[in-house]
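This report concerns only the one structure given below.
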Amino acid sequence: MEKKEHIISILVYNKPDVLARIAGVLGGKGYNIESLCVNTTTQYEISKIVMTTVGTQDIITRIENQLQRLVDVIQVDDLTNVESIHRELIMVRLNLTPDKKEQIKKAVDINKWKVIALADTYIILEITGDQSQIDFALARMEPLGIADITRTGIIALNLEN
């Protein structure tokens, strides 16, 4: 079976150590969490965890079953093969050096990247998109000299529920 990235959405009760137990289940079995986003839902007592991990369908099914057995887990869904929207956000700081300033301005204009901070020596951009759009933006920025970056990881929402 083919290994591929899976997006797993987990609803949990918002209690201490829930995330640690979820990470323990995966880490204890040798599975890596590629990206992870956690926050409360419209109900403060319930949080949603969206994580990505790589594995075959058999491995992902095993992970889902192990997670479902945890006490504070309400629901586990693999959003990989269902109709869902996936997004990621990055913030990137580029140094505005005299030799790169015009290239950076042109790239920002062409790609319609959002400027969230601008000073004489740097610019901070916010870019939102699917994983391929984010990867494209990073590849486009690399020759411009990325000074720092932060990336949310994938967030996803099922279109059906």
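The values are calculated or read from the model by the stated rules, or taken from the named source; none is laboratory data. As the structure is a computational prediction, the values presented were derived from the model and not from experiment. Neighbour counts are summed over all protein chains in view; Cβ atoms, including those assigned to glycine, are modelled from backbone coordinates with ideal geometry.
Overview of results
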read-out	value
Top-ranked residue of the stretch 101-120 - restricted to ones that are among the charged types (D, E, K, R) and closer than 16 Å to ALA137 by Cβ, ranked as surrounded by the most Cβ atoms within 10 Å (Cβ to Cβ)	LYS105
Those strands (runs of 3 or more DSSP E) lying entirely in the stretch 1-57 with at least 3 residues among the β-branched types (Val, Ile, Thr), touching a residue at least 40 places away in the same chain (Cβ under 8 Å) and under 17 Å from ASP78 (Cβ atoms)	4-13, 46-55
Selection status of ARG87, in contact (Cβ under 8 Å) with a residue 24 or more places away in the chain, among the basic types (Lys, Arg) and under 27 Å from LEU138 (Cβ atoms)	yes
Qualifying residue in the stretch 80-94 (condition: at pLDDT 95 or above and hydroxyl-bearing (Ser, Thr, Tyr))	no
Looking only at the stretch 124-160, and only at residues there that are without any contact (Cβ under 8 Å) to a residue 24 or more places away in the chain and either part of a loop (DSSP other than H, G, I, E, B) or among the small types (Gly, Ala, Ser) (or both), the one that is farthest from GLN103 (Cα to Cα)	SER132
Residues being farther than 15 Å from GLY28 by Cβ and loosely packed, with under 15 Cβ neighbours inside 10 Å - total across the stretch 47-70	5
Criterion violated by GLU45 - all others in (1) at pLDDT below 95; (2) over 22 Å from the mean Cα position of the chain (by Cα); (3) not aliphatic (A, V, I, L, M) satisfied	(1)
Verdict on TYR13 being among the aromatic types (Phe, Trp, Tyr), at pLDDT 95 or above and either surrounded by fewer than 18 Cβ atoms within 10 Å (Cβ to Cβ) or not assigned by TED's automatic domain parsing to the domain that holds ILE154 (or both)	yes
Candidate set from the stretch 88-123 (those that are in contact with a strand residue (DSSP E or B) (Cβ under 8 Å, 6 or more places away or on another chain) and assigned to a loop (DSSP other than H, G, I, E, B)); member that is nearest to ALA156 (Cα to Cα)	TRP113
Residues of the stretch 121-143 classified as under 13 Å from the mean Cα position of the chain (by Cα) and of a type in the set (Ser, Thr, Tyr), total	2
